[in-house]
Amino acid sequence: MNTIKIKLKRSFIGKPSDHIKVVKAIGLRKIGQVVEKNDTPQIRGMIHKVDYMLEIVD
């Protein structure tokens, strides 16, 4: 299965609580942290919801 690397580029302090929960569910805790996840529609939906805080790394 294909994987996707996701990087947290902005702090989630002061953001809506549902956005914070999504970022934490992805597995991101610190700015600059990169996680590798399977490229599934569920993960893509999570990324789309908080795309202003995330970056896709190649």
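Any read-out appearing in this document is the output of simple, stated calculations on the displayed coordinates, not a laboratory observation. None of these values were measured; they are calculated from a predicted model.
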Need one number for the chain: average projected area of the convex hull over its C-alpha atoms, nm².
3.6 nm²
Among all lysine pairs in the chain that are eight or more places apart or on different chains, how many have alpha carbons less than 18 angstrom apart?
24
Extension gain (nm, one decimal) between Q42 and N2, 0.36 nm per residue minus Cα-Cα:
13.0 nm
Could you give the length gained on full extension between A25 and V57, defined as 0.36 nm per residue of separation minus the Cα-Cα distance, in nm?
9.7 nm
